Amino acid sequence: MLRATDRYGRGFAVGSGILAVIFLLPPAMTLFSQDSAEKYGQGRQRLSKPALETGIASEEQNKAQNYTVGIRVDLVVMYASVFGKDGRFVQGLQKDSFKIYEDGVEQNIVSFAQEDVPVSLGILLDLSGSMRRKMQEVETAALAFIRASNPQDQAFLIGFNDEVELLQDFTSDIDEIADSLDNAIISGSTALFDAIYLGVQKAQTGTKPKKAVILISDGKEKTSYYSLDELLPKVQESDVQIFCIGLLDVSSDKGAGIFGRLRKSTSDEMAHDVLLRISEETGGKAFFPENVLDIHNIVAEIAAELRNQYSISYFSSNEARDGSFRRVKIRLMDSAKEYHLRYRRGYFAPKSEITQN
């Protein structure tokens, strides 16, 4: 096997590997100006549509996918995280603590639980050259996240730089994930939007009830085929929670006082806003640690959240199959109003075959 110098300056065996992961935003929240949005990632070239190379789905996966599509025609499942003022998870709330609305119309909750539901999980890892100095801590944290998750979870790994690669298909074997991480090569630019788009697409094929992806990146979008305008509807229509860890560069402003002040570049500010928007659109959360070592506490927090969410289900009172976006709002009753809620803020209704034609 060929050997070369690795990202840490050591010899390594040339191979491939590692990962990639990652809800909805109230209309009042702004992302950034249209001009800035158009400039962000403007260097991308639409050469060929990206796709993940995956094996043929098993019979079990096909059955699970067909069954899932069937129930989602009518049943809407929302996963909600509840936090106290101290940021700790609030457990033990009952069904009558919640009310749920779709486009302003109250819905009848038919199923309610707080339980540790297995997750079909994707980890999306930025392998571009700008991540070189951060990668050792990132890999260690990614494995720690898998260990802290539900043992019944199934995870896949996506690595991305100029292209997006599936490094490990769904597995519950942490050794397979570790091997993929060991073989990761750091180089090239960043197809951030493609990674999220394909990661969400892949997570939806998982057989576990809950879907989530975790994205670890410095957010420097450069070479994606998909634009932000194409990515946002994709994450909105999915039931995949996206958690983003943005390792953005911070520099010192020498002109501000004796000690200076920390500031982000314009590209980092746009990356911050994009990752925040994508996470909130799906009911996830975006984290922006100032020190890469903080990533260990962050992945522990994400793992704990996924294992402590409330599941709230209802049959939509809107029977139209028109493909429209339905905005969902969950409210807490008086006894629980001091708590903070996080959940995906809507979904796209299915289209009937007649509507689609």
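The values are calculated or read from the model by the stated rules, or taken from the named source; none is laboratory data. In this text the structure is predicted, and so the values were computed from the model without any measurement. No Cβ is skipped: glycine too gets one built from the backbone with ideal geometry, and neighbour counts run over all protein chains shown.
Every residue, every condition in (1) of a type in the set (Val, Ile, Thr); (2) over 25 Å from GLN152 (Cβ atoms), yes or no:
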{"site": "GLY84", "(1), (2)": "no, yes"}
{"site": "VAL90", "(1), (2)": "yes, no"}
{"site": "LEU93", "(1), (2)": "no, no"}
{"site": "TYR101", "(1), (2)": "no, yes"}
{"site": "VAL105", "(1), (2)": "yes, yes"}
{"site": "VAL110", "(1), (2)": "yes, no"}
{"site": "GLY122", "(1), (2)": "no, no"}
{"site": "ASP126", "(1), (2)": "no, yes"}
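Note on the stretch 268-357: enclosed strands (runs of 3 or more DSSP E) holding 1 or more residues that are surrounded by fewer than 18 Cβ atoms within 10 Å (Cβ to Cβ) and hydroxyl-bearing (Ser, Thr, Tyr) are 310-315.
Would you call TYR197 among the aromatic types (Phe, Trp, Tyr) and part of a helix (DSSP H, G or I)?
Values: among the aromatic types (Phe, Trp, Tyr): yes; part of a helix (DSSP H, G or I): yes.
Here the answer is yes, as TYR197 does meet what is asked.
So, of the residues in the stretch 159-184 that are touching a helix residue (DSSP H, G or I) at 6+ places or on another chain (Cβ under 9 Å) and modelled with pLDDT under 90, which turns out to be surrounded by the fewest Cβ atoms within 10 Å (Cβ to Cβ)? Here the answer is ASP182. Every listed requirement among (1) crowded, with 17+ Cβ neighbours inside 10 Å; (2) closer than 30 Å to LEU341 by Cβ is met by LYS134 save one, (2). Looking at the structure I just gave you, is ILE312 under 20 Å from GLN91 (Cβ atoms), of a type in the set (Val, Ile, Thr) and touching a Leu at 6+ places or on another chain (Cβ under 9 Å)? Taking the combined requirement at face value, the residue does not satisfy it. Residue count for the stretch 200-213 under the criterion of being crowded, with 21+ Cβ neighbours inside 10 Å and assigned to a helix (DSSP H, G or I): the result is 3. Looking at the stretch 234-267, which of its residues are part of a helix (DSSP H, G or I) and either at pLDDT 90 or above or farther than 28 Å from VAL76 by Cα (or both)? Matches in the stretch 234-267: LYS234, VAL235, THR266, SER267.
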